[in-house]
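Q: The structure's right below; bear with me while I get my questions together.
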Amino acid sequence: RAKELGGRRVEVFATHMHADVVRRLEIASDLQRALHENQFAVEYQPVVDLATSRVTAVEALVRWWRGSTFVPPEQFLGPAEDTGIIVPLSEWILREACREVAAWRASSWDIGLSLNLSARQILAPRFVESVSEALAESGLPASALTLEVIEEMLVEDAEETVTKLSELRALGVRLAIDDFGTGYASLAFLRQLPVDMIKIDPSFVAGLGQDETLTLLTRTIVRLGHDLGLIVVAEGIERPEQLELLREMGCTRGQGYLVARPMAARGVDSLMRTTLQNTA
Ligand code: C2E
Ligand code: MG
Ligand code: MG
Ligand code: MG
């Protein structure tokens, strides 16, 4: 009886594994096709200066519409990384976003671009060249581009990653640590890489005003960032109370659904028109 049950359990497990492998293979071939058929899009989430409410930058976020179904980045970025499709995909995002932000800047809107990097993208042989080419072709100044990395990217191939990112920083590109505070080497990371900005993870921001420890930790990260001369960005602002506390703490910038949701380029166009009208 026990043996029978054990056998059944193995079978059930194997069926799940099989389904998972098949799903990943399907996603891999779908991703390849999606790239060729231009199914990807870039959305932009505004980042504001908390003291003035002015939009200082937009963060580019990749979107995949597979037919009429939206596939969230968390679902396809892993398979894209595993299959290497992340390299041509990231190259496309880089060019597209540089081109669009350069066009907004050409309409005399002074905004920057924040771009998320993937580990494999950084290790690709032509990474540094492709970033400088995208800047040259679009006319976007290096100082208007911020590259966001997460700690995990420095776990493997740390030396090569740091070298390449430092080369780009020498060209004037800014570096940011995304999801700051969630890794297990957040402070060591600051010594390894010459960064300009830290982005406080939404898990801290979520507890602002509701959880004493999280509020204290956020305040400490803001102070730490300032003491190190860094720009501090709070992510995931959803409630007015969070915005007020972050302002009171002196956090530099903020991002979140309360401020603005990620939007298509057309949405940014109208945001720009309103902004320029109001400041004219
Ligand atoms: P991230 O870089 O930390 O980006 C912030 C994520 O939080 C985005 O999710 C954004 O839509 C979401 N978000 C913004 N404000 C709020 C809020 O107030 N509440 C909540 N609950 N969420 C908010 P998204 O677009 O699903 O992206 C998830 C992650 O996927 C990103 O996290 C980033 O790590 C990765 N990613 C997105 N686009 C790209 C890309 O073009 N290249 C690479 N390599 N990774 C990307
Ligand atoms: Mg990011
Ligand atoms: Mg983040
Ligand atoms: Mg993240």
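Q: Tell me which residues, restricted to region 103-136, are within 16 Å of ligand 2 (Cβ to nearest atom) and either in a helix (DSSP H, G or I) or more than 18 Å from the chain's Cα centre (by Cα) (or both).
A: A119, Q121, I122
Q: Here's a follow-up. Mind checking whether some residue in region 216-231 is within 15 Å of ligand 1 (Cβ to nearest atom), without any contact (Cβ under 8 Å) to a residue 60 or more places away in the chain and of a type in the set (A, V, I, L, M)?
A: No, the conditions are met nowhere in region 216-231.
Q: Considering each residue of region 248-259, count those that are open to solvent by less than 20 Å² (accessible area, probe 1.4 Å) and under 17 Å from the mean Cα position of the chain (by Cα), and give that number.
A: So in region 248-259, the residues open to solvent by less than 20 Å² (accessible area, probe 1.4 Å) come out as 251, 254-256.
With the extra rule that they be under 17 Å from the mean Cα position of the chain (by Cα), the set shrinks to 254-256.
Within region 248-259, residues that are open to solvent by less than 20 Å² (accessible area, probe 1.4 Å) and under 17 Å from the mean Cα position of the chain (by Cα) number 3.
Q: If you don't mind, there's one more thing I want to ask. Return yes or no: is L147 surrounded by 15 or more Cβ atoms within 10 Å (Cβ to Cβ) and part of a loop (DSSP other than H, G, I, E, B)?
A: No, not satisfied.
Q: Hey, does region 208-218 have a residue that's outside any helix (DSSP H, G or I), modelled with pLDDT of 95 or more and under 18 Å from the mean Cα position of the chain (by Cα)?
A: no
Q: Here's something else I'd like to know. Here's a check for you: in region 219-247, which residue that is over 19 Å from the mean Cα position of the chain (by Cα) and assigned to a loop (DSSP other than H, G, I, E, B) is surrounded by the fewest Cβ atoms within 10 Å (Cβ to Cβ)?
A: Here the residue is G229.
Q: Determine whether E156 is away from ligand 1 (no atom under 15 Å from the Cβ), of a type in the set (D, E, K, R) and in a helix (DSSP H, G or I).
A: On the way: away from ligand 1 (no atom under 15 Å from the Cβ): yes; of a type in the set (D, E, K, R): yes; in a helix (DSSP H, G or I): no.
For E156, the condition - away from ligand 1 (no atom under 15 Å from the Cβ), of a type in the set (D, E, K, R) and in a helix (DSSP H, G or I) - is not met.
Q: Going by the conditions given, is V71 surrounded by 15 or more Cβ atoms within 10 Å (Cβ to Cβ), more than 14 Å from the chain's Cα centre (by Cα) and within 12 Å of ligand 1 (Cβ to nearest atom)?
A: yes
Q: For region 19-48, how many residues meet the condition of being outside any helix (DSSP H, G or I), open to solvent by 40 Å² or more (accessible area, probe 1.4 Å) and either more than 14 Å from M263 (Cα to Cα) or out of contact with any strand residue (DSSP E or B) (no Cβ under 9 Å at 6 or more places or on another chain) (or both)?
A: Going through region 19-48 one residue at a time, the tally reaches 3.
Q: Looking at region 258-271, I want the residues that are within 19 Å of L246 (Cα to Cα) and have a partner that is in a helix (DSSP H, G or I) with Cβ atoms under 8 Å, at least 6 apart or on another chain. Which pairs are those?
A: Note: pairs meeting the criteria are L258/P240; L258/Q242; L258/L243; V259/L243; A260/L271.
Q: With the condition kept exactly as written, say whether any residue in region 69-77 is of a type in the set (A, V, I, L, M), part of a helix (DSSP H, G or I) and out of contact with any Leu (no Cβ under 6 Å at 6 or more places or on another chain).
A: Within region 69-77, one or more residues are of a type in the set (A, V, I, L, M), part of a helix (DSSP H, G or I) and out of contact with any Leu (no Cβ under 6 Å at 6 or more places or on another chain).
Q: Take T69 and tell me if it is more than 16 Å from ligand 3 (Cβ to nearest atom), out of contact with any strand residue (DSSP E or B) (no Cβ under 6 Å at 6 or more places or on another chain), at pLDDT below 95 and under 26 Å from G256 (Cβ atoms).
A: yes
Q: Considering E152, E148, which residue is farther than 16 Å from V232 by Cα and within 14 Å of ligand 2 (Cβ to nearest atom)?
A: E152
Q: With A176, A158, A103, A119 as the choices, which residue is small (G, A, S), open to solvent by 20 Å² or more (accessible area, probe 1.4 Å) and within 16 Å of ligand 3 (Cβ to nearest atom)?
A: A119
Q: Before we move on, is G183 under 20 Å from D110 (Cβ atoms), outside any helix (DSSP H, G or I) and open to solvent by 20 Å² or more (accessible area, probe 1.4 Å)?
A: Criteria not met by G183.
Q: Looking at T213, is it of a type in the set (V, I, T) and surrounded by fewer than 17 Cβ atoms within 10 Å (Cβ to Cβ)? Let's see the steps before the verdict.
A: Numbers: of a type in the set (V, I, T): yes; surrounded by fewer than 17 Cβ atoms within 10 Å (Cβ to Cβ): yes.
The answer is yes for T213.
The values are calculated or read from the model by the stated rules, or taken from the named source; none is laboratory data. What you see is a predicted model; the values in this text were computed from it and never measured. Counting neighbours? That spans all protein chains shown, and the Cβs are built from the backbone with ideal geometry, glycine included. These accessible areas exclude ligands, DNA and RNA; they are computed on the full protein's heavy atoms, side chains included. Shrake-Rupley method; radii C 1.70, N 1.55, O 1.52, S 1.80 Å.
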